[in-house]
Amino acid sequence: MRNEKRMERLLGYSLVAPAMLLILAIAIWPVIQSFYYSLFDYRLNDPTKSSIHWSYSLDLEGYLQTYPFLKSALKQEMAAADEQTKQTLAQIERKLTKLDAAIRSDDQVAKQYDKVNEALDNFETPSNELKIAELDKQTAERLTDTVHDVIQTLKEMKKAGELQHADKVVGLAEGLKGVVIEPNFVGLKHYKDSFGDMRLWKALWNTTFFTVVSVAIELVFGLGIALLINKAFFGRGLVRATILIPWAIPTAVSALMWKFLYDGQNGIVANYFETIGLVDRMGDLLTTEAGAMFSVIFADVWKTTPYMALLLLAGLQTVPDSLYEAAAIDGATKWQQFTKITLPLLKSSILVALLFRTLDAFRVFDLIYVLTGGGPANSTETISILAYKVMFSQTNFGAGSALAVIVFLCVAIISMIYIRWLGKDLLSDGAGAKR
């Protein structure tokens, strides 16, 4: 008996394993990767931070494109300078020479140094793997400090008029400032900065408001439509198919369509809303904060209510007609039948519909991005749009990944709340049936 249960358990695990692996690969792994990126100051618009660095590194291409020319410029200045200036320049040259020797003291760095130098002499572009050499912390800090001191000294000499080609020499020295690539590991700094940024809280409020209002309206309208199309009448199949058309239209297409309908000059819907007094001017729909939020919610309700109705209709199909017949015989009114039979038996379907729509609405992106772009003045900017702007518009992958992880955590919390407070009766019913 025990062996049979063990075999059944192993069989169950083996059947579930492919789905779990698929979920891990498609859903969990990207979140783990995003969390990993969020621990770094990872920016594609900054050459020194365009990749992840755990240790100090040296951009040999930038270094060798500057250092030899700086030494040559210093020698030219020494040839025409007075004795005091010559001594100062000679001291700078010795510092740079010692520093260069310290860089080449590492055998691996020396090999890369020679190969990059040879490639540049042949007017070739070295690969990223070749031109980035790992440095120890002491040498990297020494290089940074030396370059800083050299620049300060040359700027003072330029100000005193002691250099003949001051701009050239100072410019070459400043070219060495970006050759040291520091580790860009920042830990949880992006999360600390994000939670201290009012823009994030504004985006979370916009997202929450949009989600609560749109899902609540869709639930009421969807339930009404589901009750209507659940009745038997002539042409019911055609009506069901017609109702699903808004949901079948791609979100980006429907958002663009509503953008034309909301247009402040030629929009039909905007003109109608102005006529009935819902807005003062046609242009208010997309140019004011309240109007823009109303517009995106209205468009979302129009598009997604059929999806809610479809989910609830599936639940209504499972309610036996005999229950309504018995209730009618007992004298129950239509409202009593709805509250005592329909709603209790529809609870599981409502839970599923609310869960799906809440998660989908909280992650809303394409509708708002096409319709308002998050404006005006970020009044419709959701957390997903904020993450997109930071990650792709600003190419700040570190901070953008942190925002993506925050979105995931919010979605996970919403899921747990639904299961805990709305699904406990469903789960307990299942347990009772099992007993």
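Phi-derived couplings, Karplus 6.51 cos²θ - 1.76 cosθ + 1.60 at θ = phi - 60°, listed residue by residue for the stretch 231-236: 6, 8, 7, 5, x, 4 Hz, with x used for Gly and Pro.
Pairwise inverse Cα distances across the stretch 174-324, averaged and inverted, put the Kirkwood hydrodynamic radius at 19.4 Å. Here the calculated FRET efficiency for Ile419 and Trp54, from their Cβ-Cβ distance with R0 = 30 Å, stands at 0.15, rounded to the nearest 0.05.
Past the 21 angstrom mark, what percentage of all C-alpha to C-alpha distances in the stretch 276-386 do you count? Result: 55 percent of Cα pairs exceed 21 Å.
What's the angle, to the nearest 10 degrees (0 to 90), between helix 424-434's Cα axis and the longest principal axis of the chain? Here the helix axis deviates by roughly 60 degrees. Maximal additional length on extending the Tyr272-Phe69 stretch stands at 66.0 nm, based on 0.36 nm per residue less the C-alpha distance.
Expressed per residue, the C-alpha convex hull volume of the stretch 348-417 stands at 87 Å³. Put a dot 7 Å past the Cα of Asp136, heading toward its Cβ, do the same for Ala412, and the two dots end up 4.1 nm apart. Between the helical axis of 397-417 and the longest alpha-carbon principal axis of the chain there is an angle of about 20 degrees.
If I histogram all Cα-Cα distances within the stretch 83-159 using bins 5 Å wide from 0, what percent of pairs lands in each bin? Computed distribution, short to long bins: 3, 13, 19, 18, 17, 14, 10, 4, 1. Taken one residue at a time, the phi angles of the stretch 2-9 give Karplus couplings (6.51, -1.76, 1.60, θ = phi - 60°) of 5, 5, 5, 5, 5, 5, 5, 5 Hz. Gly and Pro are set to x.
For the pair Gln33 and Arg281, what calculated FRET efficiency results from E = 1/(1 + (r/R0)^6), where r is the Cβ-Cβ distance and R0 = 45 Å, to the nearest 0.05? Efficiency, rounded to the nearest 0.05: 0.45. Springs join every pair of Cα atoms under 10 Å in this Gaussian network model of the chain, and among Trp302, Trp247, Trp29 the largest mean-square fluctuation is at Trp29. Annotation: amide H of Ile181 within the under-5 Å range of Ser57, Leu58, Asp59, sequence separation 5 or more or interchain, hydrogens built in the peptide plane. Ordering Asn184, Ser194, Thr208 by the projection of their Cα atoms onto the charge dipole of the stretch 173-212, which places +1 on the Cβ of Lys and Arg and -1 on the Cβ of Asp and Glu, puts Thr208 at the extreme positive end.
Could you pull out the chymotrypsin sites (Phe, Trp or Tyr not before Pro) across the stretch 28-125 that fall in loop regions by DSSP (anything but H, G, I, E, B) with no more than 10 other Cβ atoms inside 10 Å? Those satisfying the criteria are Trp54, Phe123. Extension gain, Trp302-Ser322: 0.36 nm per intervening residue step, less the Cα-Cα distance, totals 3.8 nm. Seen from Ser254, the other residues with C-beta closer than 10 Å to its C-beta sum to a net charge of 0, counting Lys and Arg as +1 and Asp and Glu as -1.
With the helix formula -39500 (n - 2.57) applied to DSSP H stretches of n ≥ 4, the chain reaches a computed 222 nm mean residue ellipticity of -21500 deg cm²/dmol. Between 0 and 90 degrees, rounded to the nearest ten: what's the tilt of helix 347-362 against the longest Cα principal axis of the chain? Roughly 30 degrees, rounded to the nearest 10.
Charging the Cβ of each Asp and Glu at -1 and of each Lys and Arg at +1, and nothing else, the dipole of the chain about its Cα centre rounds to 1740 debye.
The HN-Hα couplings worked out from phi for the stretch 262-275 by the Karplus form 6.51 cos²θ - 1.76 cosθ + 1.60 (θ = phi - 60°) are 8, 3, x, 10, 10, x, 5, 5, 4, 5, 5, 5, 5, 5 Hz, whole numbers, x standing for Gly and Pro. Using the Cβ-Cβ distance between Phe195 and Leu244 with R0 set to 30 Å, the FRET efficiency works out to roughly 0.15. Between Ala248, Ala399, Ala160, the GNM of the chain built on Cα springs shorter than 10 angstrom shows Ala160 fluctuating the most. Could you work out what % of the accessible surface of the stretch 293-435 is carbon and sulfur, using a 1.4 angstrom probe and leaving DNA, RNA and ligands out of the count? The C+S portion of the solvent-accessible surface of the stretch 293-435 is 67 percent. How big is D for the chain, in µm² s⁻¹ as a whole number, if Stokes-Einstein is applied with the Kirkwood radius of its Cα pairs at 37 °C and 0.692 mPa s? D = 117 µm²/s. Among Leu143, Leu310, Leu130, the largest mean-square fluctuation in a Gaussian network model of the chain, built with springs joining Cα atoms closer than 10 Å, belongs to Leu130.
The values are calculated or read from the model by the stated rules, or taken from the named source; none is laboratory data. What you see is a predicted model; the values in this text were computed from it and never measured. For neighbour counting, all protein chains shown are included, and Cβ atoms are generated from backbone atoms with ideal geometry for every residue, glycine included. The protein model used for the area step is the full one, side chains on, heavy atoms only, and it has no ligands, DNA or RNA in it. Shrake-Rupley method; radii C 1.70, N 1.55, O 1.52, S 1.80 Å.
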